[in-house]
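These notes are about the structure you will find just below.
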Amino acid sequence: MDVHLLEATEDPERVICTAARNDYSSSFVGEQSFEKTMETVDGETMEEKKRTLIGHLLGHGHYGPFEHAHATFAVKGISRSCMAQITRHRHVSFDIQSQRYVAFDDVDPEDVRAGEMVVVPPSVSDADWIGRNQRDGAVTEETIQEREQIFHDSIVQSVEQYQQLLDLGLPPEDARFVLPIGSKVNMVMTLNARMLMHVADMRAAADSQWEVRDMTEQVLDFAADWCPLTFEYYNENMKGRKNRLAP
Ligand SMILES: Cc1cc2nc3c(=O)[nH]c(=O)nc-3n(C[C@H](O)[C@H](O)[C@H](O)COP(=O)(O)OP(=O)(O)OC[C@H]3O[C@@H](n4cnc5c(N)ncnc54)[C@H](O)[C@@H]3O)c2cc1C
């Protein structure tokens, strides 16, 4: 998978702090400088003032101001299974590559064996991988070879039969029914900083599946650059906690 940051609120923490200060200010934040807006916040420098205020907001569960900063990501090559998980989050906006309008008629099924078009979970070839609800622990090399054989034969056959159905005139929107849930899809998603923390609470957690966790960690890496004080606080004080931002 590949995660790219497409677009994001410029100076997000200025927006977050301005929105938060608005709540407790008798003057109008729209008509004064940011320096004036932050005047009474503790800190020698503006960086310190922003750190104080952001830490205070997150520490007290005042999450609303974080909804004003948003970011748009382009994600390449996640499985439809991962897509189904992330699209459960209702305050994230999505555009998903269509299997009705995009037909995978030129993919060589043998390339599918090499990783094209379908995501191959690491557990297929990693003898030590332990996943949720797995029957046994580590397995032998022989078992791994058998797993790889069955997995790859199955996805190659699906793609071959999908293409045969297209050749027989079945519309892509119906032929896709035989494709595996591991089929790759590209998507664009936009979410605000509050939602990003909520998604990370749920999807970067250890009980989340490896693929959506990997995607969320990549998004969090971008967030750490984009909105540094917020995600520094989040990573140090909130990530991995039991409670949820929006329980
Ligand atoms: C490890 C894991 C396993 C999962 N397994 C399953 C499963 O087996 N089956 C399944 O169906 N789902 C499963 N889910 C999905 C999960 O149940 C949620 O639907 C999903 O994570 C969306 O999160 P959310 O409920 O916080 O809602 P979001 O859409 O992310 O909304 C954020 C918050 O807004 C509030 N909110 C949003 N909409 C409403 C509303 N209509 N009414 C009241 N409050 C609202 C809630 O406080 C919510 O927490 C799983 C999730 C995880 C992380």
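The values are calculated or read from the model by the stated rules, or taken from the named source; none is laboratory data. This one's a predicted model, so the numbers in the text were calculated from it and none came from an experiment. Cβ sites come from the backbone with ideal geometry, for glycine too, and all protein chains shown count toward neighbours.
Which residues, taken from segment 88-128, are away from the ligand (no atom under 16 Å from the Cβ), more than 19 Å from Gln209 (Cβ to Cβ) and not in a loop (DSSP other than H, G, I, E, B)? Result: Asp95, Pro109, Glu110, Asp111, Val112, Arg113. If you go through segment 1-45 and keep only what is within 24 Å of the chain's Cα centre (by Cα), more than 21 Å from Tyr234 (Cβ to Cβ) and of a type in the set (A, V, I, L, M, F, W, C), you end up with Met1, Leu6.
Going by the structure shown, is Asp201 within 18 Å of Ala69 (Cβ to Cβ) and either loosely packed, with under 12 Cβ neighbours inside 10 Å or not assigned by TED's automatic domain parsing to the domain that holds His68 (or both)? Considered against the rule, which asks whether it is within 18 Å of Ala69 (Cβ to Cβ) and either loosely packed, with under 12 Cβ neighbours inside 10 Å or not assigned by TED's automatic domain parsing to the domain that holds His68 (or both), Asp201 comes out as no. The helices (runs of 4 or more DSSP H) found entirely in segment 1-87 that carry 1 or more residues being under 23 Å from Asp221 (Cβ atoms), of a type outside the set (Phe, Trp, Tyr) and out of contact with any Asp or Glu (no Cβ under 6 Å at 6 or more places or on another chain) are 12-23, 46-59, 80-86.
A quick yes/no check of all residues on (1) exposed (fewer than 15 other Cβ atoms within 10 Å of the Cβ); (2) within 13 Å of the ligand (Cβ to nearest atom); (3) not aliphatic (A, V, I, L, M):
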| position | (1), (2), (3) |
| --- | --- |
| Gln164 | yes, no, yes |
| Arg176 | no, no, yes |
| Ser183 | no, no, yes |
| Thr190 | no, no, yes |
| Ala206 | yes, yes, no |
| Val219 | no, no, no |
| Trp226 | no, no, yes |
| Tyr233 | no, no, yes |
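Taking (1) more than 29 Å from Ala103 (Cα to Cα); (2) more than 11 Å from the ligand (Cβ to nearest atom) in turn, Met197 satisfies each apart from (2).
Could you tell me which of the residues Ser93, Ser98 is under 20 Å from the mean Cα position of the chain (by Cα) and more than 21 Å from Ser183 (Cα to Cα)?
Being under 20 Å from the mean Cα position of the chain (by Cα) and more than 21 Å from Ser183 (Cα to Cα) holds for just one of Ser93, Ser98, which is Ser93.
You will find that of Ala114, Ala127, the residue that is within 20 Å of Gly77 (Cα to Cα), modelled with pLDDT under 95 and small (Gly, Ala, Ser) is Ala114 and no other. In summary, Ala138 fulfils each of the numbered conditions (1) farther than 30 Å from His70 by Cα; (2) at pLDDT below 95; (3) buried (at least 16 other Cβ atoms within 10 Å of the Cβ) with the single exception of condition (3).
Residues checked against (1) aliphatic (A, V, I, L, M); (2) surrounded by 13 or more Cβ atoms within 10 Å (Cβ to Cβ):
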| site | (1), (2) |
| --- | --- |
| Glu31 | no, no |
| Met38 | yes, yes |
| Glu44 | no, no |
| His56 | no, yes |
| Ala69 | yes, yes |
| Ala74 | yes, yes |
| Gly77 | no, yes |
| Ile96 | yes, yes |
| Ala114 | yes, no |
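Answer yes or no as to whether Gly131 is surrounded by fewer than 13 Cβ atoms within 10 Å (Cβ to Cβ), within 16 Å of the ligand (Cβ to nearest atom), in contact (Cβ under 8 Å) with a residue 24 or more places away in the chain and not aromatic (Phe, Trp, Tyr). When the stated conditions are applied, Gly131 passes them. In the condition set (1) within 16 Å of the ligand (Cβ to nearest atom); (2) farther than 22 Å from Asp153 by Cα, Ser79 is compliant with all but (2).
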